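Step one of this worksheet: look at the structure below.
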Amino acid sequence: MKIVILDGYTENPGDLSWDELGKLGELTVYDRTPVDDEEEIIRRIGDAEIVFTNKTPISRAVIDACPGMKFISMLATGYNVVDYVYAHEKGIPVTNVPSYGTASVAQFAIAMLLEICHHVAHHSQTVHDGKWANSIDWCYWDYPLIELDGKTMGIIGFGRIGQQTGKIARALGMNILAYDSVESDSGRAIGTYTDLDTVLSQSDVIALHCPLFPDTQGIINKDTIAKMKDGAIILNNSRGPLIVEQDLTDALNSGKIFAAGLDVVSTEPIKPDNPLLGAKNCIITPHISWAPKESRQRIMDCAVANVKAYQAGAPINVVNS
């Protein structure tokens, strides 16, 4: 049984092992596959029965050109790069890796928030550059310092990651408002469910943890920003297109929004002309919330489990059944 991994480098740049997956079949690992070269994608899949992808698209044309492909598995939770509807029509299960990054993504959201509140990296650098040694005062700060205790975090998307973010924020003394289409008892134990307008108008910090669907695309835009408190903080380490980037840029530069912490943007890698690169008080990191070794090991373990279940005739984590 041939197994092909189309883009394995971000999952395993060398600090993990593919050995357990290699025990399940004849394994070929490509670090990267050109996402816009369909012919090369088809060539690399060849007659493989099992194909893993993260960001390399598997389209209808690829599926038709690779009749030996019987099982597609994501090295991620999102699966929009695969034509999963057509795969279902062809009898090909598409599986993903759910829940691997709950802890790390929530932790990263709070890390961005704390950096906005204290600018730890900046102040450390000023000390190393000699500013403290040459200061006439015994301390100084270059940015407003913000205490979170008693403030309100509004979380849009209150699933596993949203709730974990809420738990950490509560530990910092914050009040939690949540907006989600589905409510749960676990969510009610952490925060108060309410409507979107209430989240927007009453929150000091707004964290996005919702999937990218047609009704959530651009959910942060000039109209929703207008409903927010002056000086609100926005966090997004979910999906870049949740935000209309020019609208957020304008709000940051005008001071309507105090700061933003973003680990995702609309096009990745980021384009040099992305307006957010010129925005005030905007932290941008290269989509790394998911990337601690512990999270990536969970992806690896689930990838192995997905193949074993398929080989046993009872696929798990199927997203197109």
Would you mind telling me the share, in percent, of accessible area of the chain contributed by carbon and sulfur at probe 1.4 angstrom? 53
Do any of Lys55/Lys293; Lys55/Lys271; Lys229/Lys271; Lys70/Lys308 go past 24 Å between their Cα atoms, and which? Lys229/Lys271
If contacts are Cα pairs under 8 angstrom and at least 6 residues apart, what is the relative contact order of region 215-318 in percent? 23
Can you bin region 1-146 into rounded, prolate or oblate? Criterion: square roots of the alpha carbon gyration tensor eigenvalues sorted a ≥ b ≥ c, rounded for a/c under 1.5, prolate for a/b above b/c, oblate for the rest. prolate
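What accessible area per residue, rounded to a whole number of Å², is obtained for the chain using a probe radius of 1.4 Å?
Working: 15570 Å² over 321 residues.
Per-residue value: 49 Å².
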What is the gain in length, in nm to one decimal, between Asp215 and Gln107 on full extension, counting 0.36 nm per residue of separation less the C-alpha to C-alpha distance? 36.2 nm
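With a sphere of radius 14 Å drawn around the Cβ of Gly162, what net charge do the other residues whose Cβ falls strictly inside it have (Lys, Arg +1; Asp, Glu -1)?
Values: positive: Arg160, Lys167, Arg170, Arg188, Arg239; negative: Asp180, Glu183.
Combined, the nearby Lys, Arg, Asp and Glu give +3.
Over all directions, the average projected area of the alpha-carbon convex hull for the chain comes to how many nm²? Please report the intermediate quantities before stating the final value.
Numbers: hull surface 75.3 nm².
The Cα convex hull of the chain, projected and averaged over all directions, gives 18.8 nm².
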Counting Lys and Arg as +1 and Asp and Glu as -1, what is the net charge of the other residues whose Cβ lies under 11 Å from the Cβ of Gly191? +1
The answer for trypsin sites (Lys or Arg not before Pro) in region 230-313 that fall in a DSSP coil and have at most 14 neighbouring Cβ atoms within 10 Å is Lys280
Take every DSSP beta bridge whose two residues both sit in the chain, then give the antiparallel share in percent to the nearest 5. 5
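Please give the length that would be gained between Ala65 and Lys271 if that part of the chain were fully extended, namely 0.36 nm times their separation in residues minus their C-alpha to C-alpha distance (nm, one decimal).
71.0 nm
Using only DSSP helix segments of four residues or longer, with each worth -39500 (n - 2.57), what per-residue ellipticity at 222 nm results for the chain after dividing by its residue count and rounding to 500?
Values: 12 runs with 107 residues, N = 321.
Mean residue ellipticity at 222 nm (helix-derived): -9500 deg cm²/dmol.
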Quick one: if you stick a label point 7 Å off each Cα along the C-beta vector at His122 and Ser321, how many nm between them? 5.0
If R0 = 51 Å, then Val35 and Asp223, at their Cβ-Cβ distance, give a FRET efficiency to the nearest 0.05 of 0.95
Apply the Karplus curve 6.51 cos²θ - 1.76 cosθ + 1.60, θ = phi - 60°, to the phi angles in region 308-321 and return the couplings in whole Hz, x for Gly and Pro. 4, 5, 4, 5, 7, x, 9, x, 10, 6, 7, 9, 10, 6
Cα centroid separation - region 127-153 against region 206-246, whole Å: 29
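Gain in length, Asp185 to His88, computed as 0.36 nm per residue apart minus the alpha-carbon separation, to one decimal in nm? Don't skip to the answer; put the middle values down first.
Values: separation 97, 0.36 × 97 = 34.92 nm, distance 3.35 nm.
Extending this stretch completely gives an extra 31.6 nm.
Quick one: net charge around Tyr84, please, counting Lys, Arg +1 and Asp, Glu -1 for every other residue with C-beta under 14 Å from its C-beta.
Values: positive: Arg60, Lys90; negative: Asp83, Glu89.
Summing Lys/Arg as +1 and Asp/Glu as -1 gives 0.
Given R₀ = 35 Å, FRET efficiency for Arg170-Trp132 by Cβ-Cβ distance, to 0.05?
On the way: r = 34 Å, r/R0 = 0.97.
Using R0 = 35 Å, I get an efficiency of 0.55.
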Which values, in whole Å and largest first, are the semi-axes of the equivalent ellipsoid of region 178-321 obtained as the square root of 5 times each eigenvalue of the Cα gyration tensor? 32, 21, 13
Efficiency by 1/(1 + (r/R0)^6): what FRET value for Glu294 and Thr198, r their Cβ-Cβ distance, R0 = 45 Å, to the nearest 0.05? 0.80
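Filter the chymotrypsin sites (Phe, Trp or Tyr not before Pro) in region 165-271 to those in DSSP coil with at most 14 other Cβ atoms within 10 Å of their Cβ, and list the result. Can you show the working numbers first?
Values: sites: Tyr179, Tyr193, Phe258; in loops: none.
Nothing satisfies the criteria.
The values are calculated or read from the model by the stated rules, or taken from the named source; none is laboratory data. It should be emphasised that the depicted structure is a prediction, and the values quoted were computed from it without experimental measurement. Every residue, glycine as well, gets a Cβ built from its backbone with ideal geometry; the counts of neighbours run over all protein chains shown. Surface accessibility is based on the protein's heavy atoms, side chains included, excluding ligands, DNA and RNA. Shrake-Rupley method; radii C 1.70, N 1.55, O 1.52, S 1.80 Å.
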